[in-house]
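Novice: One structure coming up, written as structure tokens, with questions to follow.
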Amino acid sequence: MKIVFYSPEGNAQPWLEEIGTTIPLAEVWEWTPTSADRQADYAVLWAPPMELFASQQRLKAVFNIGAGVDGVLKLNNLPPGVPIVRLNDAGMAVQMAEYVCYTLIRHTRNFDIYESHARNREWKRQPPIDRTAFPVGVMGLGNIGARVAQAVAAFEYPTFGWSCSEKTLPGVTSFAGPESMDAFLSGVRVLVCALPLTSATEGILNAGTLAKLQPNGYLINVARGRHLIENDLLAALDNGSLAGATLDVCREEPLPDIHPFWSHPKITITPHISAITLRAESVVQIADKIHALERGEAIDGIVETARGY
């Protein structure tokens, strides 16, 4: 069995070692332009270049090591008939739930204000929280979004979810389909984006969407930077219709030094860390699926390329 690995982040060696340990009979190497002639049975990758697929002629499956598959699906030379397989979770859902709940609680419990007071040596109390005043809406109810919504609901915030297809989650009032979007947004004050990036969802966080939130709304984007129309967010913050935003993803990463997000007093930026791929857990999952494919068995997590996830 031959496995090729690629990541633009330059962290190949730990992955090569992990895959080699977990699948000891496999021959594993990092794809580079100079190694393009070596043919693999399986590819394990993140955001590959077109040249990788142009060089690989006998792939049986492609495994994506991140939560989103847009970095693969944007290529126009994917091998026909070869399944693209996403990670089911591999430890990312709980991280995303932690991130969103921390951000939500920091905002609603006024911890950002307390931090400012502490820097000024001021001993002041804010009014106690009324959770009913902060209904939370999660856009996207896949493995990760569902975990986020249920974690939020566990803290007794009114919790709503929106997805393309019908979903039923304990403690979460669910909406489905474009026709229900306005009803979903109008009941939400804190909006969390956990959607996959597709042609239908790109730019979905725009002036029209943000204007439908309840007054003094708050945006948390842990999905993809291209979901957000950046100038529309800045306008909503500056005109007072939004109270703030926390962004873990941006259209350009790393965020340029001169970008207005850095200095805006109502925006908190983190460097795409809301859910980091856990290598050991991911490799075990990938290994199990490779072994199943080798036995001729069906696997889950195969991406529907027409839908984009």
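The values are calculated or read from the model by the stated rules, or taken from the named source; none is laboratory data. All values derive from a computational prediction rather than experimental measurement. Every residue, glycine among them, receives a Cβ derived from its backbone with ideal geometry; neighbour counts consider all protein chains shown.
Novice: Take the conditions of a type outside the set (A, V, I, L, M), surrounded by 22 or more Cβ atoms within 10 Å (Cβ to Cβ), within 28 Å of Ala12 (Cα to Cα) and modelled with pLDDT of 95 or more and apply them to Tyr42. Does it pass?
Specialist: So Tyr42 fits the description; yes.
Novice: Can I ask one more? It is to be established whether one or more residues within region 130-138 are buried (at least 18 other Cβ atoms within 10 Å of the Cβ), assigned to a loop (DSSP other than H, G, I, E, B) and either free of Cβ contacts under 8 Å to residues at least 12 places away in the same chain or more than 22 Å from the chain's Cα centre (by Cα) (or both).
Specialist: yes
Novice: Return yes when Val148 is outside any loop (DSSP other than H, G, I, E, B) and either among the basic types (Lys, Arg) or buried (at least 16 other Cβ atoms within 10 Å of the Cβ) (or both) and no when it is not. Steps first, please.
Specialist: Details: outside any loop (DSSP other than H, G, I, E, B): yes; either among the basic types (Lys, Arg) or buried (at least 16 other Cβ atoms within 10 Å of the Cβ) (or both): yes.
It is true that Val148 is outside any loop (DSSP other than H, G, I, E, B) and either among the basic types (Lys, Arg) or buried (at least 16 other Cβ atoms within 10 Å of the Cβ) (or both).
Novice: Please return the ranges of strands (runs of 3 or more DSSP E) entirely within region 2-65 where 2 or more residues are among the acidic types (Asp, Glu).
Specialist: On the way: elements: 2-6, 27-30, 42-45, 61-64.
Per the criteria, 27-30.
Novice: Scan Gly244, Gly217 and give me the residue that is more than 27 Å from Ala47 (Cβ to Cβ) and in contact (Cβ under 8 Å) with a residue 40 or more places away in the chain.
Specialist: Unique residue meeting the criteria: Gly244.
Novice: Then there is this: For the condition among the charged types (D, E, K, R) and buried (at least 18 other Cβ atoms within 10 Å of the Cβ), what is the one hit in Glu51, Glu18, Glu27, Glu9? It would help to see each step written out before you state the result.
Specialist: Details: Glu51 fails: buried (at least 18 other Cβ atoms within 10 Å of the Cβ); Glu27 fails: buried (at least 18 other Cβ atoms within 10 Å of the Cβ); Glu9 fails: buried (at least 18 other Cβ atoms within 10 Å of the Cβ).
Residue meeting the stated conditions: Glu18.
Novice: I'd like the residue in region 209-246 that is in a loop (DSSP other than H, G, I, E, B) and of a type in the set (A, V, I, L, M) and, out of all such residues, is surrounded by the fewest Cβ atoms within 10 Å (Cβ to Cβ).
Specialist: Within region 209-246, the subset in a loop (DSSP other than H, G, I, E, B) is 212-216, 222-224, 229, 239-241.
Restricting the remaining residues to those that are of a type in the set (A, V, I, L, M) gives 213, 222-223, 229.
Numbers: Leu213: 23, Val222: 29, Ala223: 28, Ile229: 19.
Here the answer is Ile229.
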